[in-house]
Amino acid sequence: MSKIRLTPLFFRRVHKWIGLILGLQFLLWAVSGSVMALLDKDKVGGHGAGMSHSHPLPAGDYASLAALPRGETVQGVVLRDLGARPVYEVHSAKGVRLVDATTGEDMLVDQDMAREIASMMNDAPIRAVSVMAKPNLEARDFKGPMWRVDFDDAENSSAYVSLDTARFLVMRGDTWRTWDFFWMLHNMDYVNRKSFNHPLIIIVAFGVFWMAGTGFYLLFKSFSRADFRWLRRRRKPVVTRSAT
């Protein structure tokens, strides 16, 4: 088996093929960045978690907090609204449960409740409702089981509602989905679509560094003294006179 000789020819061949591979990625960066910049930012961001459906809590008598533990260690209680109804969000080691703040009864986050919460965010007709045991890519910033409510609108919007707390999580539409696809191409995170510190992009970064180093090396190896003869030709001959 012959040894690999680290000659300029070897570096030139490797440089060519790695340059082709990295060049394709540079093209993807340029295209994906351009598409993300051209998309309507209001349509992309208009389906974010900043949407709210809060209402003022109604006046009246609320159920006693002393009756909430029911044999479990309560780690925290949040009084909040659920539409026009006040509810207790009870946090314990077992998880989270909802309690009607006026009657003290447990509440089930069923399909009807998911429809009600989602409809506060979108007036379009509901096309389908499904339950998810874990988040998909569209709801990757959240945890736990959730309801997905699909709307029949121009954006094919989907609202996500927590199965435990009935909180509205996020709304996604086709514009956001297009942006997210090109975001995946841009940051090269083809699995989770949210990290810039993954092995693939680190390898590409070192590849670019290697390309720059070998490029400088090949640049200087590409020149010879003959390439600079034109400099010597431009020099005027020096005429000397002898004394008489």
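Read-outs throughout are calculated quantities, based only on the coordinates presented, and are distinct from any laboratory measurement. A quick note: this is a predicted structure, and the numbers were derived from the prediction, not measured. Every residue, glycine as well, gets a Cβ built from its backbone with ideal geometry; the counts of neighbours run over all protein chains shown.
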Pick out, from SER158, SER64, VAL74, the residue whose Cα sits farthest towards the positive end of the charge dipole of the range 48-172, with +1 on the Cβ of Lys and Arg and -1 on the Cβ of Asp and Glu. VAL74
What is the spin-label model distance, in nm, from TRP17 to THR103 if the labels are put 7 Å beyond Cα along the C-beta direction? 7.1 nm
Summed residue charge, Cβ within 13 Å of THR103's Cβ, Lys/Arg positive, Asp/Glu negative: -3
For a distance above 22 Å, tell me the whole-number percent of Cα pairs in the range 48-172 that qualify. 37 percent
Partner aspartates and glutamates whose C-alpha sits under 17 Å from that of LYS94, ignoring same-chain residues fewer than 8 away, are GLU72, ASP106, ASP164
Segment LEU137-TRP29, extension gain: residue separation times 0.36 nm, minus the distance between their alpha carbons: 36.8 nm
